[in-house]
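Reading through the structure tokens given below for one structure.
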Amino acid sequence: MGKVSLEGIEFHAYHGVFSEENKLGNRFTVDIHVETDFRQAMLHDTLKDTVDYAKIYQIAKSHMLEPVKLLEHLAHLMIKDILKIYPASKQISITIKKHNPSIGGVVNYSVITVNYPEDYD
């Protein structure tokens with residue numbers, strides 16, 4: 001088994017429950033880890049035998065463009081799409097950080113992490 005990861009992907013997006021979040025948007029950081037068997041890629045040097053992180057980035061980007069209320073839901077949508085392309089994925093972990101959340105105090109960021117398959121039992 002191996003892991004393909006993208007860490008520190010940055011977006012400006014409009015996710016959140018509060019109206020100001022939907023109007024002004026916010027900065028988000030996304031980390032994605034996909035665990036899979038990439039032994040064939042190691043042996044044969046072919047992209048088709050591993051997880052293409054450019055495709056993973058495009059999945060994240062497409063979902064960051066579509067506002068949702070909850071970051072948990074956002075991570076779930078990303079996981080669903082990763083599984084459509086890479087159904088042999090053994091584990092997927094997505095962490096989303098919302099910088100300076102609107103909660104009435106000084107907070108660097110709020111963070112959620114959703115793990116497949118653990119959070120899907």
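Under 30 Å from residue 1 (Cβ atoms), part of a loop (DSSP other than H, G, I, E, B) and touching a Phe, Trp or Tyr at 6+ places or on another chain (Cβ under 7 Å), is that true of residue 51? Yes; evaluated as a whole, the condition is true for this residue. Only one entry in 80, 61 is part of a helix (DSSP H, G or I) and within 18 Å of residue 117 (Cβ to Cβ), namely 80.
Can you tell me which residues in the stretch 83-95 are in a strand (DSSP E or B) and aliphatic (A, V, I, L, M)? Please lay out each step first, then the result.
Of all residues in the stretch 83-95, those in a strand (DSSP E or B) come to 91-95.
If the condition is that a residue be in a strand (DSSP E or B) and aliphatic (A, V, I, L, M), then 92, 94 are the ones that fit.
Among the residues of the stretch 68-111, the ones that are more than 16 Å from the chain's Cα centre (by Cα), more than 27 Å from residue 48 (Cα to Cα) and free of Cβ contacts under 8 Å to residues at least 60 places away in the same chain come to 6 in all.
Out of the residues in the stretch 100-118 meeting the condition of being of a type outside the set (A, V, I, L, M) and exposed (fewer than 14 other Cβ atoms within 10 Å of the Cβ), tell me which one is nearest to residue 67 (Cα to Cα). Per the stated criteria, the residue is 100. When the stretch 1-25 is filtered for residues that are of a type outside the set (Asp, Glu), over 30 Å from residue 48 (Cβ atoms), in contact (Cβ under 8 Å) with a residue 12 or more places away in the chain and not in a strand (DSSP E or B), the ones remaining, listed by number, are 14, 15, 16, 17, 18, 22, 25. Residues considered: 60, 88. Of these, the only one that is of a type in the set (A, V, I, L, M, F, W, C) and surrounded by 14 or more Cβ atoms within 10 Å (Cβ to Cβ) is 60. In the set (1) surrounded by fewer than 16 Cβ atoms within 10 Å (Cβ to Cβ); (2) farther than 22 Å from residue 103 by Cβ; (3) not small (Gly, Ala, Ser), the condition left unmet by residue 18 is number (2).
Looking at the stretch 26-35, can you tell me whether even one residue there is free of Cβ contacts under 8 Å to residues at least 60 places away in the same chain and assigned to a loop (DSSP other than H, G, I, E, B)? No, the conditions are met nowhere in the stretch 26-35.
Readers should treat all values here as calculations from the given coordinates under stated rules, not as data from a laboratory. Source: prediction; values computed, not measured. We place every Cβ from the backbone using ideal geometry, glycine too, and count neighbours over all the protein chains shown.
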